[in-house]
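Enquirer: Okay, here's the structure, questions in a sec.
The values are calculated or read from the model by the stated rules, or taken from the named source; none is laboratory data. All values derive from a computational prediction rather than experimental measurement. Ideal geometry is used to build each Cβ from the backbone, glycine not excepted, and the neighbour counts take in all protein chains shown.
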Amino acid sequence: MKLIEELSWTEIEAGLNETRTVILPVGTLEEHGPHLPVFTDTIQAVEVAREASRRTQIFLASPVYYGVCRSTRGFPGTITVSFDSLRAYVYDILISFYDSGFRKILLLTGHAGGQHMAALELACQQAIEKRDFRLSLVSLFDLIDRNAVDTSNDGHAGEIETSLMMVIRPELVKVRPGSFQPLRPRFLVLRDVRHLMGNGIIGDPSKASLEKGKVFFEMAVQGVMIALKELESFPEK
């Protein structure tokens, strides 16, 4: 693993002779129920990326800590940025990676909100129009096989995220509450949905376990490895 923040510029330059691929973790500071820390999205992306980087000996970048959080923005501790801010910030980072010598970048996001993902996708599209490099955008939760999850419609701070945190940072997992599924309108566009979010959970953290967390973590790492293989080897046009 080549952790960029711990390397000197000469070490990075030497490492670029071995690989020009880097993983950029993206997360949020966002409420995750009464039992998980607000950096859950970020630390999960970082640790999965760290393990994939260790196995492949590619570069690992420092994470982007802030993202777009709409549904949870009324909770203390949720620090959100706008769509345009995230898009522009990530675009600038990608362009700078290219100008620093990197040619293949995988963005691994631990947060999968609609506006958040759209901002990242647009940043990637705009970046590849300006520089001749390859980019992949991966959501961590797309890598988890839902057949291994007991909770139907498991989502925010539920079975998956709680299980992962029991592996990654077990000392930060508090007493797990029961299941909660917020009532959300199908068509209505609301200014604020905080009053519908209850304790901030979508899913059932009580079904989480260390054993499941290990399975989910390995699924995520293997998914990143598959995405990296595609990034490295997909035929050019």
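Enquirer: More than 30 Å from R103 (Cα to Cα) and either surrounded by fewer than 16 Cβ atoms within 10 Å (Cβ to Cβ) or of a type in the set (G, A, S) (or both): is that true of E230 in this structure? Lay out the reasoning, then the answer.
Expert: Values: more than 30 Å from R103 (Cα to Cα): no; either surrounded by fewer than 16 Cβ atoms within 10 Å (Cβ to Cβ) or of a type in the set (G, A, S) (or both): yes.
When the stated conditions are applied, E230 does not pass them.
Enquirer: Still on this structure: When you scan the range 1-109 for helices (runs of 4 or more DSSP H) that lie fully inside it, which ones turn up with 3 or more residues that are free of Cβ contacts under 8 Å to residues at least 60 places away in the same chain, surrounded by 15 or more Cβ atoms within 10 Å (Cβ to Cβ) and not β-branched (V, I, T)?
Expert: Working: elements: 9-15, 40-56, 83-99.
In the range 1-109, the matching helices (runs of 4 or more DSSP H) lie at 83-99.
Enquirer: Sticking with this structure for a sec: Sort out which residues of the range 182-237 are of a type in the set (S, T, N, Q) and under 19 Å from V46 (Cα atoms), and write them in order of number. Show your work before the answer.
Expert: To start, the set of residues in the range 182-237 that are of a type in the set (S, T, N, Q) comprises 199, 206, 209, 222, 233.
Hit for the range 182-237 is Q222, nothing else.
Enquirer: Which condition number does T162 fail, the rest of (1) β-branched (V, I, T); (2) surrounded by fewer than 12 Cβ atoms within 10 Å (Cβ to Cβ); (3) touching a Pro at 6+ places or on another chain (Cβ under 6 Å) being met?
Expert: Only one criterion is unmet by T162, namely (2).
Enquirer: Being surrounded by fewer than 14 Cβ atoms within 10 Å (Cβ to Cβ) and touching a helix residue (DSSP H, G or I) at 6+ places or on another chain (Cβ under 9 Å) is the requirement here; does L183 meet it? Don't jump to the end; show me each part of the working.
Expert: Working: surrounded by fewer than 14 Cβ atoms within 10 Å (Cβ to Cβ): yes; touching a helix residue (DSSP H, G or I) at 6+ places or on another chain (Cβ under 9 Å): yes.
The answer is yes for L183.
Enquirer: For the range 199-218, enumerate the residues that are surrounded by fewer than 18 Cβ atoms within 10 Å (Cβ to Cβ), over 11 Å from A157 (Cβ atoms) and not hydrophobic (A, V, I, L, M, F, W, C).
Expert: Passing the criteria: S206, S209, E211, K214, E218.
Enquirer: Assess whether P25 counts as being at pLDDT 95 or above, under 16 Å from the mean Cα position of the chain (by Cα) and not β-branched (V, I, T). Outline the logic, then answer.
Expert: On the way: at pLDDT 95 or above: yes; under 16 Å from the mean Cα position of the chain (by Cα): yes; not β-branched (V, I, T): yes.
Against the criterion (at pLDDT 95 or above, under 16 Å from the mean Cα position of the chain (by Cα) and not β-branched (V, I, T)), P25 qualifies.
Enquirer: So is G178 surrounded by 14 or more Cβ atoms within 10 Å (Cβ to Cβ) and either in a loop (DSSP other than H, G, I, E, B) or in contact with a Leu (Cβ under 9 Å, 6 or more places away or on another chain) (or both) or not?
Expert: Details: surrounded by 14 or more Cβ atoms within 10 Å (Cβ to Cβ): no; either in a loop (DSSP other than H, G, I, E, B) or in contact with a Leu (Cβ under 9 Å, 6 or more places away or on another chain) (or both): yes.
When the stated conditions are applied, G178 does not pass them.
Enquirer: I've got another one for you. Need pairs with beta-carbon distance below 7 Å; first residue more than 12 Å from I160 (Cα to Cα) and in a helix (DSSP H, G or I) and within the range 130-144, second at pLDDT 95 or above and not charged (D, E, K, R); sequence gap 6+ or separate chains.
Expert: What qualifies is K130/I95.
Enquirer: Sticking with this structure for a sec: Suppose we filter A45, A61, A52 for residues that are among the small types (G, A, S) and either more than 30 Å from D204 (Cβ to Cβ) or at pLDDT below 95 (or both); which single one remains? Don't jump to the end; show me each part of the working.
Expert: Details: A45 fails: either more than 30 Å from D204 (Cβ to Cβ) or at pLDDT below 95 (or both); A52 fails: either more than 30 Å from D204 (Cβ to Cβ) or at pLDDT below 95 (or both).
The conditions single out A61.
Enquirer: Now for a different question. From (1) touching a Leu at 6+ places or on another chain (Cβ under 7 Å); (2) in a helix (DSSP H, G or I), pick out the condition that doesn't hold for H195.
Expert: (1)
Enquirer: Do you know which residues across the range 198-219 are in a loop (DSSP other than H, G, I, E, B) and in contact (Cβ under 8 Å) with a residue 24 or more places away in the chain? Walk me through how you get there before you give the answer.
Expert: Start the filter on the range 198-219 by keeping residues that are in a loop (DSSP other than H, G, I, E, B), which leaves 198-202, 204, 208-209.
Within the range 198-219, N199, G200, I201, I202, D204, A208, S209 qualify.
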